[in-house]
1. Any idea which residue in the stretch A:298-313 is modelled with the lowest pLDDT, counting only those that are open to solvent by 30 Å² or more (accessible area, probe 1.4 Å) and part of a strand (DSSP E or B)?
2. Would a scan of the stretch A:87-96 turn up a residue that is hydrophobic (A, V, I, L, M, F, W, C), in a strand (DSSP E or B) and away from chain B (no Cβ under 14 Å)?
3. Which one of the conditions (1) within 14 Å of chain B (Cβ to nearest Cβ); (2) open to solvent by less than 20 Å² (accessible area, probe 1.4 Å); (3) touching a Lys or Arg at 6+ places or on another chain (Cβ under 9 Å) does A:Ala207 fail to meet, given that it meets all the rest?
4. Return the residues of the stretch A:318-331 that are buried (at least 20 other Cβ atoms within 10 Å of the Cβ) and of a type outside the set (D, E, K, R); say none if nothing qualifies.
5. Is it the case that the stretch B:78-92 has a residue that's within 14 Å of chain A (Cβ to nearest Cβ) and either open to solvent by 60 Å² or more (accessible area, probe 1.4 Å) or at pLDDT 80 or above (or both)?
6. Return the pairs, sorted by first residue and then second, in which the second residue is among the basic types (Lys, Arg) and surrounded by fewer than 15 Cβ atoms within 10 Å (Cβ to Cβ), the first residue lies in the stretch B:231-244 and is in the same structural domain as B:Met38 (by TED's automatic domain parsing), the beta carbons are less than 9 Å apart, and the residues are 6+ apart or on different chains.
7. Quick test of your reading of the structure: B:Ile129 fulfils all but one of (1) over 30 Å from A:Gly264 (Cα atoms); (2) open to solvent by 30 Å² or more (accessible area, probe 1.4 Å); (3) more than 11 Å from chain A (Cβ to nearest Cβ). Name the failing condition by number.
8. Kindly provide the set of residues from the stretch A:317-327 that are in a strand (DSSP E or B), more than 14 Å from chain B (Cβ to nearest Cβ) and over 18 Å from A:Val229 (Cβ atoms), ordered by number.
Amino acid sequence: MLQSSSRWWKRGSTAVVLGVLLLVLAGCAGGPLDPVWGSLSILPENQSILFAFDTHITQLNPIDGSRLPLRDADGNVRLDDAGNPRTWDVTTTGTPAKFFAAPILIAPETLLAVSYDRGIYELDIETARFNTAEGQSLNAQVVGNPLLVDDRLYVPFNGRNLTAYDAVAYTPLWTLETEQSVYAQPLLVENTLYVTSLDHNLYALDAENGTVIWTLDMGGAVTSQPLYVDGYLYFGSFARKFYKVDAVEGAIVAEFTTRDWVWGSPLLYNDILYFGDVSGYLYGLIDDGSAFTTAFEATQVTTRAILSTPVVTSDGQIVVGSRDRKLVWVNAETGVAEVTRELAGEVLGNILVIPAGELGNSRELVVISTLARSELVVAFAADNGERLWSFAR
Amino acid sequence: MDIILNPFVSVLTFLYSILGQNMVLAIVVFTLIVRLVMYPLTAQQMKSSQSMQKLQPELKKLQEKYKGDREKLAAEQMKLYREYGFNPLGGCLPLIIQFPIFIALYQAIIIALAATPLQLLDLSGRLIIPGFDSIIPLNNEFLGLNLTQPPAIGGASVLATVVGIVLVAGVVITTWLQFKVTMPAPAANSDPNAKPDPSASMTQSMGTIMPLMYGFFALSFSIGISIYFIVSNIAGIVQAALMGRANFKNLFGKPKPAIVTAGGPAKIEGRATGKQSTQRPAKSK
């Protein structure tokens with residue numbers, strides 16, 4: 001009996017040792033816990049900031065970064081069972097679904113939230129509850145923001161396709177199969193849908209039926225949504241190139257060689273195209289027709305990747321976030337960093353600029369999200385980079 | 001860790017580029033190359049482990065003899081090691097060196113497969129060989145299976161289920177085979193009344209638990225990692241066979257645990273390692 005229990009004890013201890021080994025392996029795997037970064041958007045009806053990250057979608061007060069109180073139809077704050085005020089922070093029941101894409105307002109009181117790992121959910125804003133517990137199931141992960149136009153919902157999938165859904169019944173209408181993932185939100189111009197993919201291609205589709213109009217090989221993976229200006233598409237790729245493409249013909253009109261991969265979409269401000277690369281260089285290019293010229297020499301404003309689209313403040317400063325946990329205010333003419341703010345986590349998600357007074361805020365805000373749980377969302381004064389508030393979960 | 005990891009990721013990407021952009025082939029060849037490069041260390045470790053196994057009876061005797069005197073026991077053990085030219089660190093050091101390398105190998109596969117945007121972004125800073133921009137991201141599909149995902153057993157696809165079962169079974173079987181084949185033969189003992197050696201029964205438990213544990217890993221981790229496990233295990237068996245250290249008899253019978261004798265001389269067989277091996281006493285041939 002004793003011998004038997006001793007044997008089992010030894011087996012148990014061996015299992016524990018191997019379990020620890022598993023944890024070490026998993027811990028050393030270098031894989032980040034989150035597959036992708038969060039997204040910020042504005043809900044003007046509620047005068048709030050929507051933040052989707054991991055298992056939560058939260059409405060934040062732009063004045064102080066607190067969770068918005070949950071109110072009933074009469075405007076009274078709802079209370080939970082213990083009598084505490086409820087705040088607007090939602091998560092799905094059971095094993096929670098993950099949300100990284102920005103929810104879309106589809107009705108005055110309803111948000112459409114497409115989860116990374118489960119499906120499509122409708123979310124009642126007033127009660128902060130999902131209308132359906134399970135949502136409409138999807139068969140692959142969603143990384144980029146879906147696009148809702150009229151009765152169509154276009155969903156980019158990590159599982160190598162983009163699918164158009166009926167936006168009422170959420171039934172699939174057509175699918176564009178790609179060789180690799182689709183990370184970026186598609187772009188709709190009139191009736192043409194432009195889709196970029198990690199398979200190096202830019203696709204132009206008939207948005208109605210998904211028929212491919214043309215395909216253009218960009219020589220490297222494309223992770224960003226193109227910027228459309230006057231019949232041309234502007235975007236960068238992993239081929240260390242930034243392109244100008246004729247949106248009708250599907251031909252490259254101009255290209256510029258960058259120092260590293262270009263991940264995010266460009267910003268057009270005062271006829272200059274601003275974008276960053278994964279080595280932290282910021283570019284300012286001028287479109288001269290069939291070529292690009294530089295507004296300033298590419299400047300390494302941070303030491304690590306700039307992913308999100310740069311934003312511009314009302315006084316004309318360009319703001320970029322970086323993987324080296326920095327937010328940098330850059331002179332739009334010289335490309336020189338003028339103000340730098342340190343953060344607890346990597347800044348990879350989109351940046352919001354909220355003009356003064358738009359959501360009841362007295363000062364113009366620059367709002368960013370980070371990967372650090374200790375400061376998931378941080379707001380700065382747009383004019384001088386003063387840190388105003390942060391939100392932690 | 002990056003000092004090992006980044007070259008690994010780059011070499012794996014390079015192999016992918018020259019092997020027809022086939023990630024499975026790249027993982028197989030890469031695992032074999034790393035195993036080959038690590039050969040001297042593995043050989044040293046195996047040799048040391050076998051020497052230690054052979055010294056066990058003598059050590060047990062010393063433990064019995066100097067039960068209450070730790071200092072004397074330590075001194076006698078060191079004397080014994082010197083006598084047989086055995087370096088107790090000879091087995092640990094290669095293991096310590098190998099461990100980060102195998103962790104890096106495992107991580108390199110995960111990073112190169114880049115299943116998520118953050119992993120793809122992570123890949124950007126790790127490619128120290130230029131010119132791979134045009135092949136990124138690496139094609140992580142093989143036979144319709146996504147190498148970045150765990151085996152989809154019981155999913156909609158029959159092929160995925162079958163391949164998933166084969167992979168998990170492959171990991172379990174090859175782990176068991178490697179364990180059995182590379183496990184040194186238990187030290188013989190003629191005393192039928194002696195109690196079983198606890199370290200031997202621990203080893204036996206490991207032989208049961210480890211394959212199951214790795215099977216669990218295979219179910220939880222990506223298919224790419226399962227392929228690495230299988231190739232690595234097979235390479236380990238072949239390596240042991242080439243070194244003449246494979247014990248295929250272990251496969252066909254349950255090895256009896258070593259018996260610790262309460263007293264009496266134990267004969268040590270085999271060669272001691274190191275310079276002093278030529279000066280061994282006559283009893284240890």
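1. Our first condition is that a residue be open to solvent by 30 Å² or more (accessible area, probe 1.4 Å); within the stretch A:298-313, this holds for A:299-300, A:303-304, A:309, A:312.
From the residues that got through so far, the ones that are part of a strand (DSSP E or B) too are A:299-300, A:312.
Values: A:Thr299: 92, A:Gln300: 96, A:Val312: 98.
The extreme case among them is A:Thr299.
2. Going residue by residue through the stretch A:87-96, those that are hydrophobic (A, V, I, L, M, F, W, C) are A:88, A:90.
Pick out the ones that are also in a strand (DSSP E or B) and you get A:90.
Remaining after also requiring away from chain B (no Cβ under 14 Å): A:90.
Yes, the stretch A:87-96 has at least one match.
3. (1)
4. Residues of the stretch A:318-331 buried (at least 20 other Cβ atoms within 10 Å of the Cβ): A:318-323, A:326-330.
Within the stretch A:318-331, A:Ile318, A:Val319, A:Val320, A:Gly321, A:Ser322, A:Leu327, A:Val328, A:Trp329, A:Val330 meet the criteria.
5. Our first condition is that a residue be within 14 Å of chain A (Cβ to nearest Cβ); within the stretch B:78-92, this holds for none.
No, the stretch B:78-92 contains no residue that is within 14 Å of chain A (Cβ to nearest Cβ) and either open to solvent by 60 Å² or more (accessible area, probe 1.4 Å) or at pLDDT 80 or above (or both).
6. Qualifying pairs under 9 Å: none.
7. Checking B:Ile129 against (1) over 30 Å from A:Gly264 (Cα atoms); (2) open to solvent by 30 Å² or more (accessible area, probe 1.4 Å); (3) more than 11 Å from chain A (Cβ to nearest Cβ), the one that fails is (1).
8. Here is the first cut: in the stretch A:317-327, the ones in a strand (DSSP E or B) are A:317-321, A:326-327.
When the remaining residues are screened for being more than 14 Å from chain B (Cβ to nearest Cβ), the result is A:317-320, A:326-327.
Selection gives A:Gln317, A:Val319, A:Val320, A:Lys326, A:Leu327.
The values are calculated or read from the model by the stated rules, or taken from the named source; none is laboratory data. Predicted model, so just to flag it, every value in this text is computed and none were measured. Neighbour counts run over all protein chains shown; Cβ positions are idealised from the backbone, glycine included. Only protein heavy atoms, including side chains, enter the accessible area calculation; ligands, DNA and RNA are left aside. Shrake-Rupley method; radii C 1.70, N 1.55, O 1.52, S 1.80 Å.
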